[in-house]
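Heads up, the thing below is written out as structure tokens.
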Amino acid sequence: MIGVMVGTIMTMIIQSSSATIGMLIAVASQGLVPLDAAIPIMFGDNIGTCITAVLASIGTSLTARRAALAHVFFNVIGTIIFLLFLPFFKELVLYISPDNDIARQIANAHTSFNVLSTILFLPLIGFLEKMVCLAAPGEEKQIQRGPMYLDERVLSSPSIALSLASKEIIRMGKISRDNLEDAVKSFINKDYKLIQHVYDMEDVIDELEKEITFYLAKISQYSMTPSQSEKHGGLLHAVNDFERVGDHAENIADLAKKRIEENLPFSEQAISELENMHNYVLKTLDLCVLTLEKEDRKLAEEIVKREHQIDLMEKKLRKNHIDRLNAGLCYPASGVVFLDVLSNLERVGDHSHNIAQVVLGEIYPAVELSIAKEEEKEEEEKEDIIGEQRN
């Protein structure tokens with residue numbers, strides 16, 4: 001155990017197991033360290049070299065930290081196992097080093113330790129993974145760019161191509177839904193990292209929208225049945241609506257950034273109301289994705305009803321906030337930001353309604369309100385809010 005500790009501390013200071021093993025070989029060659037002591041020190045060298053991976057993982061992603069932790073576990077557990085069977089390991093080293101050269105024996109011991117540990121852990125990778133995940137809990141959100149299901153080789157078969165496009169749109173919808181959830185979380189928790197993640201995912205959503213739209217344009221070059229043509233048009237609308245959901249998530253992330261930078265306070269009641277509306281909108285989006293996946297008219301009709309409820313909820317929360325402002329319970333500068341978040345959530349409900357209409361077979365304009373009109377509406381709402389605050 002002393003040998004392991006000496007090897008570990010030395011390597012942590014020097015941050016190079018190659019250097020410490022080289023020193024160990026040099027000292028052992030002078031007859032100052034016997035093989036019985038050199039092997040445990042070599043074990044410690046392998047543990048100590050993990051410090052470089054640990055230091056490199058500081059401030060990095062969860063996956064990077066887990067990789068460093070796996071390196072530590074690999075060497076620590078390997079050392080414990082080999083210490084338990086130290087006499088047998090020493091005999092193995094002597095067997096593969098018949099020339100009685102201690103330098104060769106230490107080098108072979110080092111090689112044997114790493115090779116045998118790797119062989120030992122290969123069938124236990126799943127177990128090692130579970131240990132690492134328990135030691136470093138959490139969920140890493142990985143950004144996977146580009147489409148997964150679109151295949152140009154099936155374009156000549158519109159029914160198959162439309163099915164693949166539908167799967168990709170459903171995937172895009174789930175990404176948009178998750179991004180909206182992260183955007184509101186970043187606003188509530190004032191989380192800069194989450195804001196940046198929302199921005200990154202918005203780029204992914206925009207890229208998917210372009211790829212899917214281009215793919216659907218290619219499908220339209222082939223002859224389709226009336227039902228296929230109708231589905232094709234509906235999918236085009238759905239892509240646009242999910243992309244707009246992503247835009248509203250980005251808007252909320254912008255508002256979260258503004259809240260942090262300007263240190264805008266919000267009452268507990270205001271945050272609670274936001275969370276309630278947000279959860280209701282998320283549930284509606286979940287139904288939206290499921291409706292598109294199953295092409296279920298009953299679910300689509302449910303979404304239409306929920307969209308109306310979202311409109312009523314937005315009006316009620318808007319009135320509640322104005323009442324709090326008039327009563328002096330809320331900070332006036334936070335009013336516009338709060339109502340902007342409500343407005344973005346309400347418009348997500350509008351896009352959910354549009355997607356439900358696709359399943360119901362009611363074709364509508366690709367965007368019910370152009371971006372310019374939406375911006376104009378936002379400005380009008382802000383002017384109304386400022387006027388109410390002044391009053």
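Could you tell me whether the range 117-126 includes any residue that is touching a residue at least 40 places away in the same chain (Cβ under 8 Å), of a type in the set (Ser, Thr, Tyr) and either assigned to a helix (DSSP H, G or I) or not assigned by TED's automatic domain parsing to the domain that holds Ala64 (or both)?
yes
Consider Ser163 against the criteria (1) in a loop (DSSP other than H, G, I, E, B); (2) among the hydroxyl-bearing types (Ser, Thr, Tyr); (3) free of Cβ contacts under 8 Å to residues at least 40 places away in the same chain: it satisfies all of them except one. Which criterion is unmet?
So Ser163 meets the others, but not (1).
Only residues that are touching a residue at least 40 places away in the same chain (Cβ under 8 Å), part of a loop (DSSP other than H, G, I, E, B) and in contact with a helix residue (DSSP H, G or I) (Cβ under 9 Å, 6 or more places away or on another chain): list them for the range 143-160, please.
Ile143, Gln144, Arg145, Gly146, Pro147, Leu150, Leu155
On the basis of being small (Gly, Ala, Ser), assigned by TED's automatic domain parsing to the domain that holds Ile303 and without any contact (Cβ under 8 Å) to a residue 40 or more places away in the chain, does Ala217 make the cut?
yes
Among the residues of the range 326-336, write down those that are among the aliphatic types (A, V, I, L, M) and assigned to a helix (DSSP H, G or I).
Across the range 326-336, the qualifying residues are Ala333, Val336.
Return only the number of the condition from (1) outside the structural domain of Leu287 (by TED's automatic domain parsing); (2) in a helix (DSSP H, G or I); (3) modelled with pLDDT under 90 that Lys130 does not satisfy.
The number of the failed condition is (3).
How many residues are hydroxyl-bearing (Ser, Thr, Tyr) and either at pLDDT below 90 or farther than 17 Å from Asp45 by Cβ (or both) when one looks only at the range 78-117?
Residues meeting the conditions: 2.
Name the residue, out of Leu339, Leu312, Leu299, that is under 30 Å from Ser166 (Cβ atoms), assigned to a helix (DSSP H, G or I) and assigned by TED's automatic domain parsing to the domain that holds Pro265.
The unique qualifying residue is Leu299.
Could you pull out the residue among Leu264, Leu290, Leu285, Leu360 that is in contact (Cβ under 8 Å) with a residue 60 or more places away in the chain and either in contact with a Leu (Cβ under 8 Å, 6 or more places away or on another chain) or not assigned by TED's automatic domain parsing to the domain that holds Val245 (or both)?
Result: Leu285 is the single residue among Leu264, Leu290, Leu285, Leu360 that is in contact (Cβ under 8 Å) with a residue 60 or more places away in the chain and either in contact with a Leu (Cβ under 8 Å, 6 or more places away or on another chain) or not assigned by TED's automatic domain parsing to the domain that holds Val245 (or both).
Quick check, is His197 crowded, with 18+ Cβ neighbours inside 10 Å and free of Cβ contacts under 8 Å to residues at least 60 places away in the same chain?
yes
The values are calculated or read from the model by the stated rules, or taken from the named source; none is laboratory data. As the structure is a computational prediction, the values presented were derived from the model and not from experiment. Quick reminder, even Gly has a Cβ in these numbers, built from the backbone with ideal geometry, and neighbours come from all protein chains shown.
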